[in-house]
1. Once a ≥ b ≥ c are taken as the square roots of the eigenvalues of the Cα gyration tensor of the range 120-166, is the result rounded (a/c under 1.5), prolate (a/b larger than b/c) or oblate (a/b not larger than b/c)?
2. How large is ³J(HN,Hα) for each residue in the range 379-388, as worked out from phi by the Karplus curve 6.51 cos²θ - 1.76 cosθ + 1.60 (θ = phi - 60°), to whole Hz, x for Gly and Pro?
3. Report the accessible area of Phe498, computed with a 1.4 Å probe over the heavy atoms of all protein chains in place, in Å² rounded to the nearest 10.
4. What full-extension length gain, to one decimal in nm, is calculated for Gln505 and Ala343 as 0.36 nm per residue of separation minus the Cα-Cα distance?
5. Please list Glu91, Glu307 from largest to smallest accessible area, probe radius 1.4 Å, with all protein chains kept in place.
6. Probe of 1.4 angstrom, ligands and nucleic acids ignored: what's the accessible area per residue over the range 394-518, in square angstrom?
7. If you plug each phi of the range 602-610 into the Karplus form 6.51 cos²θ - 1.76 cosθ + 1.60 with θ = phi - 60°, what whole-Hz ³J(HN,Hα) values come out, in order, with x for Gly and Pro?
8. Which order do you get for His571, His586 if you rank them by accessible area with a 1.4 Å probe, largest at the top?
Amino acid sequence: MNAALKSLPPAPTLDPERLALLARLTHGLAPADLYWIAAYSAAAAAGGAVAASLPGMGEQPADAGRRLTIVYGSQTGNSRRVAEQLANRAEAAGLPVRLLRAGAYPLRELAQERFLSVVISSQGDGDPPDDAVGFVEFIAGKRAPKLPQLKFAVLGLGDSSYPKYCAVSQALDARLAELGGQRFAELGEADVDFEAAAAGWSERALAAARETLDVPATAPRQGAALHAVRTVATYSREQPFAAAVLENQRIVSRDSERDVRHVELSLEGSGLRYEAGDAVGVWPRNPPALVEQWLTTLRLDGAAEVEHGGKHLPLARWLAEEREITRLTRPLVAAQAAATRHAGLQRLLAPEQRAEFAALLESHQPIDLLREFPAAWDAAELVAALRPLTPRLYSIASSPKAVGPDEVHLTVAVVEYAAHGSTHYGAASSFLAGAGDDATVPVFIEPNERFRLPADGSRDVIMIGPGTGVAPFRAFVQEREATAASGRNWLFFGNRHFARDFLYQLEWQDALRRGSLSRLDLAFSRDGVARSESAPRDVRGVARDSHKVYVQQRLRENGRELYAWLREGAHLYVCGDSAHMARDVHKALLEIVATHGGLSAEGARAWLADLLQQGRYARDVY
């Protein structure tokens, strides 16, 4: 429950049935939508005839030609935050603003839109965020209207380490211009450390919007007679809460190839609230052993003071707390290539070498690059070349209705493996693995409105979550039981070994006995597989074998019944690795829909796309 609502007195005029209806209506809505409903309700209570005068109701408002519509498409929340900041600054400058998720934007209104700003990220191989697929496809497709009266601006967020950097925003910018729109600000692109670039673009776009809309720079903030007050938690991404560790328990066997932890954190006193489907953002500290490897390899003094961006810290603290040292990036490869003047490394940066460059990113950490291509780094130059350390998001593995609002659970796979002659670590997973009973973890809540259980508890739910991707489905099952949802719950889970890696095994068995889990289908890829010592191995030394069983195989085996559930209105959820699992699962789903729905490949794609647009197919992939 939202913290702002807890202080409200009971509503004496609403009977339980109407309260339940209100809860269903507002379930899963974005904050911007809830603020709009609050303002609408307040205006209605004041006796105004608001239905025809509010945006999106009846006729367009009289000032629609001077309103800035901001649409965002976000997979991890970054684009949403940038869009919200842009909306707040625009409102403060006196601009009428409408802020919408791409999935909630009424596409029929695009032809009447006059001033539009889009903030959108690119995922994987240049794909739009799941919630923006319909928005992007509509604009790219034949049904998109001509837009000669549209003034627009697009900002893209992406990762320059990938070949299709900001591909979605580039395509949208070009297409809106092709449809007749005119840019009021040039296309902006922001890399992983997006804050500075996004803020600079927003400032330029806002100045251009004021000029285009003929709003004086000194105009006072506009507001309706009744304006919803935005309640913001004290703690946030910029100001995380120090959450005490309640439990940190290994949940795989001692002989498992991986260390997976169940971590419970206290949110008591934070005011932070979450829902099943949300994520926890963790601000990590890099492993001390890895920091020492950097200092030794580069022959630098960790105590040396370094000034950067107005901050003075010893180099060891920069590397431990402020800089990204576990993820290899294109900017760092480019900087190392320039420092070493190594022809082979410089060649990898060429566009035609993107496959080889992608292989380098997958197989190497930065420390490997520093050792393989030695260069003399100055401490200040090193700090300037490295990206800022960013928080890691973990899907929440608990429902507040089951464990209480002041507690949150995580499922963490600890990254630690040997490669290229040394031990490699993950930043956040190593940090969490080492968090003892007296430790605190800097956290914030990252809402995920796209990944919510159906408001109608009678709907069936299908959950696909191999490995630690099962985390949000532990929360879902807890939530469905706590709310007495009558719909069936079907879980597909996979991992390496039944005896070693069956995460939350006893909980799933208990849930089956209680009836809170209707079906459980399992795939353990390494059980019963005879692996040869000469078999190909990946960078972690793990043998690759084609005779393995994964969750997508279980999906195909149960394809007829799975398709029947979907035809009857079930909601489908996928959580896990985006690089391989999510892609393979989506391919299996396309085959199932085509086979059991009697559709062509194109028809199956359209069928699943429609499911995605309805909000009945949701993915939490990383």
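1. On the way: a/c = 2.74, a/b = 1.73, b/c = 1.58.
In terms of gyration-tensor shape, prolate.
2. Once rounded to whole Hz, the list reads 4, 5, 5, 5, 4, 5, 7, 7, 6, x.
3. Its accessible surface works out to 90 Å², give or take rounding.
4. Net length gain for the segment: 53.1 nm.
5. Correct descending sequence by accessible area is Glu307, Glu91.
6. Result: 34 Å² of accessible area for each residue.
7. In residue order, the calculated couplings are 5, x, 5, 5, 5, 5, 5, 4, 5 Hz.
8. His586, His571
The values are calculated or read from the model by the stated rules, or taken from the named source; none is laboratory data. Quick caveat, the model's predicted, so the values are computed rather than measured. Quick reminder, even Gly has a Cβ in these numbers, built from the backbone with ideal geometry, and neighbours come from all protein chains shown. For accessibility, only protein heavy atoms count, side chains too; no ligands or nucleic acids. Shrake-Rupley method; radii C 1.70, N 1.55, O 1.52, S 1.80 Å.
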